[in-house]
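Asks: Below are the structure tokens for one structure; questions will follow.
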Amino acid sequence: MSDVVEKTLTALPALLALDSQPGAAKLSSTSKLGHLIRSITELSSKHEEEKLISKELAAIKDQISSPNTTMRQMRELMVRAMYCEMLGYEADFVYIHAIKLAQQGTVLEKRVGYLAVSLFLNESHELLLLLVNTVLKDLQSTNLIEVCMALTVVSQMFPKDMIPAILPLVEEKLSHPKEIIRRKAVLALYKFYLIAPNQVQHIHGKFRKALCDKDPGVMTSSLLIYQQLIKESPASYKDLTGSFVTILRQVVGGKLPLDFNFHSVPAPWLQIQLLRILSLLGREDQSTSELMYEVLDESLRRAEMNHNITYAILYECVKAIYTIHPKADLLEKAARCIGNFVLSPKINLKYLGLKALTYVVQHDANLALQHQMTIIECLDHSDLIIKRETLELLFRITNAQNVTVIVDKMLGFLKLCNDDYTIIDLVGKVADLAEKYAPDNEWFIQTMNVVFSLGGDLMQPDIPNNFLRLLAEGSDNEEDDKHLKLYAVDSYLTVLKGDCSRLPQRFLQVVSWVLGEYSCLKEDEDQREVISLLNKLLEQRGVSSETRSWVLSALTKLCVGPGCADLALELADSLSSSLDTVLRQQAHELRLLSQDSQLHARVLPRPAPLDNLEVDSSLSFLDGFVSDALAAGAAPYKPPHQRHEENQQRALSLEPYGLSLPVSLSSCTLTDRQSPTLFSVSSGLSGNSTEPTHRTGANTLMLEGVKRVWGKEGYLPQKEPSGTQVSVEEPSDVVQSPHQQGTAETLTTQPETEPEPEPAQLDQEKQQLASSLFVGLGSQNSMSLLGKTEAAAPRFRRKGRHHESASSSSSSGASEMSSNSSHSSHHTADSFLYGGLLEEEPATPIQSLYHTLKSTTANGSLDSRQHSRPASGMGENEGRDIVSVKEDKQSNSSQILGSDMVIVRPSKMAEEAVVPPQNSSRPLPSTSSHSSDYMILQLPSELQGLPHSDIVKMTSDSHLSVSCCRVFREDALLLVFLLSNPTETALRDIAVELSCKELETASLKGNVIECLDGRNSSVCRYTLLMQRPHTQVVFTGFVTYQTQPGHTHTLPFSGNLSTADFIRPLVLSTEEYGKLWLSFSNDVKKNLPLLTNTGDSLLATLNALKDSLQLHIVDIIGSEGIVACRLLSGAPCLMHCRVNDASLAVWMRSPLSSLSDCVLYHCQRVLEEL
Amino acid sequence: MMRFLLLFSRQGKLRLQKWFLPMTEREKKKIIRDMTTMVLARKPRTCNFLHWRDLKIVYKRYASLYFCCGLEDQDNELLALEVLHRYVELLDKYFGSVCELDIIFNFEKAYFILDEFLMGGEIQETSKQSIAKSIEASDMLQETMEEYMSKPAF
């Protein structure tokens, strides 16, 4: 068959030459589809179209389900249905027929079928499963076209979980004789790599083969994969640099067949791909960069033709030159090249020139100076896109001297812009610049006012939050602070006096917070005026209830002193019947506070003391109450997610309602009234705190200064723990520009010399603008103008950082730390998965571990063992085959316990039992020769140091037995499968597959073994990661092997794992614990049984938990203990235990609420079993 | 990587849609609507690039048809413009001076050509001749099979 196709393919051009009109398909306008299309164009209204289409669809439906419809008719129907779908009408009844068509049709119908499937279904559609078989069949077809179609559809729409089904076949296609098939296979694998990287781990070697393919097309496709791989870990592919450089040199030199030319440029796509790869490889690596200077230079030189495609290459070239380790003359050439872009009359090139400039000014700001007049022109360009790009460039070169002009330009653009995404982006940038470089208070406040009114409710919430924090914390200069605050108050009073019906809610919230907090600083102003202005706001329609809360909070702060009480009462009365419960409560608080000025002064001291602002988010003061309630038999509090789960389990709750409610009810108290936004979030758990200054209003704005001492005094000493400060300013590496010298001259002379003598007036304006825009650029020596340099010190330096280090530890510090740590831990988890675990393993995939029976009496057997040892040399590199003896009968028995895995924790005892001393060849007592376990298995020596479980036999048959051992690595659970061949014959093509839907599994080493000799064993390792905690997971897998060619056996196995296998101790100090505790809010509480038979019951219980669950006991103080663990190297879980009569009140917190549940569950089980 | 490719007429009627990443129907509808309004609102002699959310949009008008594609951040706009151009060249070669009607009436052919040219949002074949060859190959095969099937079976 394939021969036939081949012949057809080769004969085609000749055949086609006869037919002068290749578009013979044009005839189909007379078809039914043509008819449909024509009648649609004749219609005048949408309504008529709908009618026509529904009629059409009904006709299609009718015909398609008739059994007499041939596949050929089906194809025609399918095309019509596709057309209807394209017009936006759903035709879901044809989906199944599309699959059928792809399945049963001839090549021609199949193609339409596949197209229909790819248009109709998306990757989560359930019908897609039905396609797998068809694709499998087509992939194995001898017809090239069918294979092509299958590969196309596979790369187009196969989701992650369907890839394993077809992966082997696609992989096989990598060595197909036809290059088009190889190319498609590589592209399909690239797609798989993008969506499921660890499924194609094992093919990396074949990618190299594709890179060396004799067909340039296949090689080009494989570069896509390499680009991705190199992006992820450049270090591991440095050795390929030379090859890439050679390829690029050949391409640039025109060594490829002419067929690959595009507008007489040799293989531009390939060139660009290579340039990108080179820039990834050469980044921050001088020696690698040096390899590519020459070829980059050549690329720059060769790309001289005036065509889009050469500019595309130049653009990538310039980017590469500025990304890799710099070389002076190349940089100069690249800069000249950018000039060609920027000065081009073609608008597309100008656009790209601006982009390139934006990229390079980060390295060398002076380049902007050279093109300043062009930049000015672009700033006033009629095309908004160009303008936007110019602003982006200006943003990069902003400094303290030109900030006002640049921000002005940005705000001007914002007023014209109506694209939400752009607005959000630009507003953020303006706020950023304003905060960093503001020349004075007035300008800052005014700019922020514009930001708030333009950015509206779209902008990132951290902009107002940061702004308010900045106001509240102030700088070191008190006088200056006061001035800033006063100016803000003044400006907001003016705002409120005007028409504020159109102001965004966020702005109003900021205004009311500032007025509430700082209007008292204004001695001359009558507070009543402020109050009445705010009052007016409250009455305005279109003000959201959230904003009303903010306003009311501000009013509560202000309503003190003579004359105000009446106003307050009036207000409270009018709101006391509000439908909004939050407002009603606030009104109630307002009434009480305004009548009792002493209370007011205590609750809302003025000026607000910032430093000792404390929010007891852990509600520790309720601990006693809660444990009393628990002791009295109250149901423990369950977080909503848990309740929800339970509700799903049983529809009808037969249990009486618990007593846990009073806690949350009593918590809604006076002091909460400053927390307008927090209410919705935390009304269930936010409580009044013992500290008088529980100001949650500030809580939403600044989670600052929370000093929480959980439990008894002194767990958290009031000192600044070192290492919490997160360094934001990272010094960027300085690339010295060759233009550095004489920058000062450039700066001063440029504006005068650059422009051509043009209409004088206009030109002068532009020059003025130029000098104001580019001022301060030349003086900057380093290329980093992103504000990262210390030179441009932000005007408003956050006081928070100093004061954090000075006084108490703050919750923001804590949360910063925790988020940072969780981030970094996540990061390491990632890099471990793809980097460490996979790459750093010893390179020997198969480690031969075998053991034969030892008997002192039988000399012969000893000899035979010694013979078999060299024969087993599969693990030649390893060279540390370990002959060891199991002398411990107990552990022997645990190996034979059966397929169900027995969890044996790596306590010291167990470890000693399992790991016999290395290389000990002491003779065994002859009794053990009766043991059914003929071969004694052992972990690879490098794993023996790690905590691990007993080796448990999973399954076996007459040819192979499989045992398993769990190795508890810090960052993952390693499942080590030990395969042993007790027979005398060798097994071939052994493959181990493991799957578990809850876990991320990745095969490390040895899951494919070509040959396992008789009486030999081999090791296969899988890493498992648990992202979401599950109490129990089941993994399944199978081993396939061949006893003789063609005789494949499959040996399935399965086992259980629990969360406990994925928990690792989290070692931290009591202080760190305290901080981390505060940053989490998911609580789980439960009473556990206490081990009472020993002296110190708390210690005994915690030790029992520690031994069986790998927890870390942080500290024990009196009757309380704190324990910490984490899920692999990810989310931490903290546990606070307190002895309460005969039980242990456990209180857990974790960012993953389900983790707490799981750990608690295991703790309970452990204690119950003891 | 190209995220999507849309062909629509000056009236905003969709002629062809290709999504290289899975997307929900709602997202697709939203993108189609946004693209048509954004691109059709562009004045002549403005640049061919736009921003949409975090994507770069590259479009070009050929006669009455707009070709519009969405790119990821690291992609090269000029190159994408040439990809569009190459696709038009391919269509032209196949249909013989292509016009909008050709694509309306034979939209499935336009899809087939695209599938030979791009795969998973990346250029698969840059040689014009080879693409034409493989498309014609499948076309011819069809015709011969059809002829074969329609022959009387005696």
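The values are calculated or read from the model by the stated rules, or taken from the named source; none is laboratory data. This one's a predicted model, so the numbers in the text were calculated from it and none came from an experiment. With ideal geometry, Cβ positions are generated from the backbone for all residues, glycine too; neighbour counts draw on all protein chains shown. These area figures cover heavy atoms from the full protein model, side chains too; ligands, DNA and RNA do not enter into them. Shrake-Rupley method; radii C 1.70, N 1.55, O 1.52, S 1.80 Å.
Asks: Can you name every residue in segment A:119-151 that is touching a Ser or Thr at 6+ places or on another chain (Cβ under 8 Å) and either crowded, with 18+ Cβ neighbours inside 10 Å or within 10 Å of chain B (Cβ to nearest Cβ) (or both)?
Replies: Matches in segment A:119-151: A:Asn122, A:Asn143, A:Leu144, A:Ile145, A:Val147, A:Cys148, A:Ala150.
Asks: Failed condition for A:Glu316, given (1) modelled with pLDDT of 85 or more; (2) acidic (Asp, Glu); (3) surrounded by fewer than 23 Cβ atoms within 10 Å (Cβ to Cβ), with all others met?
Replies: Just one mismatch for A:Glu316, condition (3).
Asks: Within the bounds of segment B:28-35, is there any residue that is more than 8 Å from chain A (Cβ to nearest Cβ) and among the β-branched types (Val, Ile, Thr)?
Replies: Checked segment B:28-35: at least one residue is more than 8 Å from chain A (Cβ to nearest Cβ) and among the β-branched types (Val, Ile, Thr).
Asks: Then there is this: Looking at segment B:36-49 only, could you name the residues that are among the basic types (Lys, Arg) and either open to solvent by 60 Å² or more (accessible area, probe 1.4 Å) or more than 9 Å from every other protein chain (Cβ to nearest Cβ) (or both)?
Replies: B:Lys43, B:Arg45
Asks: Still on this structure, I have one more. Go through A:Leu426, A:Leu369, A:Leu416 for me and flag whichever is among the aliphatic types (A, V, I, L, M) and modelled with pLDDT of 85 or more.
Replies: Every option except A:Leu426 fails the conditions.
Asks: Which pairs have Cβ atoms under 6 Å, sit 6 or more apart or on different chains, and link a residue in segment A:150-168 that is within 13 Å of A:Val200 (Cα to Cα) and free of Cβ contacts under 8 Å to residues at least 12 places away in the same chain to one that is open to solvent by 20 Å² or more (accessible area, probe 1.4 Å) and among the hydrophobic types (A, V, I, L, M, F, W, C)?
Replies: none
Asks: Hey, another quick one. Which condition number in (1) within 7 Å of chain A (Cβ to nearest Cβ); (2) surrounded by 18 or more Cβ atoms within 10 Å (Cβ to Cβ) is the one that B:Tyr59 fails?
Replies: (1)
One line per residue, one yes/no per condition, for (1) more than 29 Å from A:Ser287 (Cβ to Cβ); (2) within 13 Å of chain B (Cβ to nearest Cβ):
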position: A:Ala303; (1), (2): no, yes
position: A:Tyr311; (1), (2): yes, yes
position: A:Ala320; (1), (2): no, yes
position: A:Ile324; (1), (2): no, no
position: A:Ala335; (1), (2): no, no
position: A:Phe341; (1), (2): yes, yes
position: A:Leu349; (1), (2): yes, yes
position: A:Val360; (1), (2): no, no
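Asks: Then there's this: Under 22 Å from B:Phe117 (Cα atoms), under 15 Å from the mean Cα position of the chain (by Cα) and in a strand (DSSP E or B) - does that describe any residue in segment B:20-29?
Replies: Checking segment B:20-29: not a single residue is under 22 Å from B:Phe117 (Cα atoms), under 15 Å from the mean Cα position of the chain (by Cα) and in a strand (DSSP E or B).
Asks: A further question on this structure: Here are some residues: A:Leu569, A:Leu538, A:Leu579. Which one is under 26 Å from A:Pro464 (Cα atoms) and either modelled with pLDDT under 80 or more than 45 Å from the chain's Cα centre (by Cα) (or both)?
Replies: Result of the check over A:Leu569, A:Leu538, A:Leu579: A:Leu538.
Asks: Considering only segment A:1009-1043, state which residues are within 20 Å of A:Ser956 (Cβ to Cβ), part of a loop (DSSP other than H, G, I, E, B) and either touching a residue at least 60 places away in the same chain (Cβ under 8 Å) or out of contact with any strand residue (DSSP E or B) (no Cβ under 8 Å at 6 or more places or on another chain) (or both).
Replies: Across segment A:1009-1043, the qualifying residues are A:Asp1013, A:Arg1015, A:Thr1043.
Asks: Condition test on A:Leu278, is it modelled with pLDDT of 85 or more, on the phi < 0 side of the Ramachandran plot, open to solvent by less than 20 Å² (accessible area, probe 1.4 Å) and touching a strand residue (DSSP E or B) at 6+ places or on another chain (Cβ under 8 Å)?
Replies: Answer is yes for this residue.
Asks: Would you check if there is a residue in segment A:283-296 being within 28 Å of A:His263 (Cα to Cα), within 12 Å of another protein chain (Cβ to nearest Cβ) and buried (at least 23 other Cβ atoms within 10 Å of the Cβ)?
Replies: No - not one qualifying residue is present in segment A:283-296.
Asks: Given the condition under 28 Å from A:Phe192 (Cβ atoms) and assigned to a loop (DSSP other than H, G, I, E, B), answer yes or no: does some residue in segment B:78-99 qualify?
Replies: No, every residue in segment B:78-99 fails to be under 28 Å from A:Phe192 (Cβ atoms) and assigned to a loop (DSSP other than H, G, I, E, B).
Asks: Kindly evaluate A:Gly1095 against the criterion of being at negative phi and over 31 Å from the mean Cα position of the chain (by Cα).
Replies: yes
Asks: From A:Glu529, A:Glu546, A:Glu517, which residue is among the acidic types (Asp, Glu), more than 42 Å from the chain's Cα centre (by Cα) and in a helix (DSSP H, G or I)?
Replies: A:Glu529
Asks: Which members of segment A:440-467 meet the condition of being in a helix (DSSP H, G or I) and either without any contact (Cβ under 8 Å) to a residue 24 or more places away in the chain or surrounded by fewer than 21 Cβ atoms within 10 Å (Cβ to Cβ) (or both)?
Replies: A:Asn441, A:Glu442, A:Trp443, A:Gln446, A:Met448, A:Asn449, A:Val450, A:Ser453, A:Leu454, A:Asp462, A:Asn465, A:Asn466
Asks: Which one is least open to solvent (accessible area, probe 1.4 Å), of the residues in segment B:82-106 that are at the interface with chain A (Cβ under 7 Å from one of its Cβ atoms) and of a type in the set (Phe, Trp, Tyr)?
Replies: Among those that are at the interface with chain A (Cβ under 7 Å from one of its Cβ atoms) and of a type in the set (Phe, Trp, Tyr), it is B:Phe95.
Asks: Same structure, new question: Would you check which residues across segment A:156-177 are farther than 20 Å from A:Pro216 by Cα and open to solvent by 50 Å² or more (accessible area, probe 1.4 Å) and list them?
Replies: The answer is A:Lys160, A:Asp161, A:Pro164, A:Ala165, A:Pro168.
Asks: Looking at segment A:330-346, can you tell me whether even one residue there is in contact with a Pro (Cβ under 8 Å, 6 or more places away or on another chain), not aliphatic (A, V, I, L, M) and not in a loop (DSSP other than H, G, I, E, B)?
Replies: yes
Asks: Step by step: first the residues of segment B:66-81, then only those that are more than 7 Å from every other protein chain (Cβ to nearest Cβ) and open to solvent by 10 Å² or more (accessible area, probe 1.4 Å), then the one that is farthest from B:Met2 (Cα to Cα). Which residue is that?
Replies: Applying the filter and picking the extreme gives B:Tyr66.
Asks: What pairs come out if I take residues in segment A:236-259 that are away from chain B (no Cβ under 14 Å) and pair them with residues that are assigned to a helix (DSSP H, G or I) and open to solvent by 50 Å² or more (accessible area, probe 1.4 Å) whose C-beta lies under 6 Å away, six or more apart or interchain?
Replies: What qualifies is A:Thr241/A:Leu291; A:Val245/A:Leu291; A:Val252/A:Arg302.
Asks: Turning to a different aspect of this structure: Would you say A:Glu332 is of a type in the set (D, E, K, R), open to solvent by 10 Å² or more (accessible area, probe 1.4 Å) and without any contact (Cβ under 8 Å) to a residue 60 or more places away in the chain?
Replies: No; evaluated as a whole, the condition is false for this residue.
Asks: Still on this model: Which residues, taken from segment B:5-15, are in a strand (DSSP E or B) and either basic (Lys, Arg) or more than 8 Å from chain A (Cβ to nearest Cβ) (or both)?
Replies: B:Leu5, B:Leu6, B:Leu7, B:Phe8, B:Ser9, B:Arg15
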